[in-house]
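A short worksheet on the structure shown next.
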Amino acid sequence: MHLDGQPVRACATSIADAVGKRVTTIEGLPRGDGHPLVRAWVEEQVPQCGYCQSGQIMQAAGLLAKNPKPTREQIVEHMDGNLCRCGSYGQIVAAVQRAAREG
């Protein structure tokens, strides 16, 4: 999720930390023609079990909001710490790159 536009891990954030802040979950991403990250996630076949999808997408959305054209290294560094039980890290990086290109 995002607190005041900054990605944070919902599982490690207390309600007290969110008081008075704007909270955005994956449901709050712009929809229109579909968010570029969501489209890229499907096109790059990222989804496997679904355990990490919301957190990964929200972390990537935070990166693209600050840096719309990140390098591969910047993507890897920014996404570090988001665990994927299926090991879909290559597809995740590819999806972020695609969303940055097609955004």
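The values are calculated or read from the model by the stated rules, or taken from the named source; none is laboratory data. All values reported here derive from a predicted model rather than from experimental measurement. Using ideal geometry, Cβ is built from the backbone for each residue, glycine included, and neighbour counts are taken over all protein chains shown. For accessibility, only protein heavy atoms count, side chains too; no ligands or nucleic acids. Shrake-Rupley method; radii C 1.70, N 1.55, O 1.52, S 1.80 Å.
Some observations on this one:
A quick yes/no check of all residues on (1) out of contact with any Phe, Trp or Tyr (no Cβ under 6 Å at 6 or more places or on another chain); (2) of a type in the set (F, W, Y); (3) under 16 Å from G90 (Cβ atoms):
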| site | (1), (2), (3) |
| --- | --- |
| V19 | yes, no, no |
| R22 | yes, no, no |
| W41 | yes, yes, yes |
| Q48 | yes, no, yes |
| S54 | yes, no, no |
| P68 | yes, no, no |
| V76 | yes, no, yes |
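- The stretch 4-15 residues that are within 20 Å of Q53 (Cβ to Cβ), paired with ones that are open to solvent by less than 50 Å² (accessible area, probe 1.4 Å) (beta carbon under 6 Å, 6 or more apart): P7/M58; P7/Q59; P7/G62; A10/M1
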